[in-house]
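A short reminder: the numbers here are calculations on the coordinates, not readings from a lab. Source: prediction; values computed, not measured. Using ideal geometry, Cβ is built from the backbone for each residue, glycine included, and neighbour counts are taken over all protein chains shown.
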Amino acid sequence: MNKKIKNIMMLVSIAAMIGLVIIIFSSLMDVYKTSSENNRNSPMIPRYILWTSMTLMILVIVPISYFLISKRLDEKLEKNMEVISKLLGGGNTPLKTEPGNVDNVADKNIILKFLSPNERTIIRKLIEKEGTILQSEITRIEWMGKLKTHRAVEELKRKGIIKTEKYGKTNRIILEKDVADVLMEK
């Protein structure tokens with residue numbers, strides 16, 4: 001999610017929290033004043049105060065919990081992307097990509113562990129087809145439908161593992177060069 005939207009959500013929740021505290025404090029003060037004047041034993045809080053308080057509590061709890069959860073997910077994704085970029089040679093140390101190299105096979109397995117089963121299926125098909133395949137071919141796999149394929153392709157594009165180009169009514173999926181060097185034996 002956009003950082004600007006997160007900040008707006010946080011501001012709304014802070015304003016709702018302040019409003020909640022003010023409403024609860026003022027209503028409790030009014031209730032205790034009226035209860036002491038009427039000599040009642042149990043003070044009553046008006047219903048509109050309870051509904052307003054609950055609404056403001058929801059406006060406080062939902063954005064804050066979403067903000068905290070999305071922050072953790074962003075950190076986890078960032079760590080995974082750092083590991084993948086190191087494996088793909090994004091750092092200063094180039095990877096060994098010689099055919100038949102044991103390190104190359106280990107690199108493949110490590111990279112594939114970071115992918116979902118659908119993403120792994122697409123990558124394996126790309127390796128079989130020497131780095132390029134039509135998206136329609138992937139949708140014909142028994143457990144892969146159009147939606148699963150589309151979602152997996154979009155996630156792989158976001159991760160920088162593949163790129164797509166239009167090919168008639170479908171897309172041609174192409175393995176990025178740096179990833180192809182690591183994953184495909186030459």
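Some points to look at:
- Mean Cβ neighbour count within 10 Å, used as a protection proxy, ranking 162-169, 69-76 highest first: 162-169, 69-76
- Only Lys, Arg (+1) and Asp, Glu (-1) charged, at Cβ; the stretch 102-183 dipole about Cα centre in debye: 440
- Local charge for GLU155 was computed over the other residues whose Cβ lies under 13 Å away, with Lys and Arg +1 and Asp and Glu -1, and equals +4.
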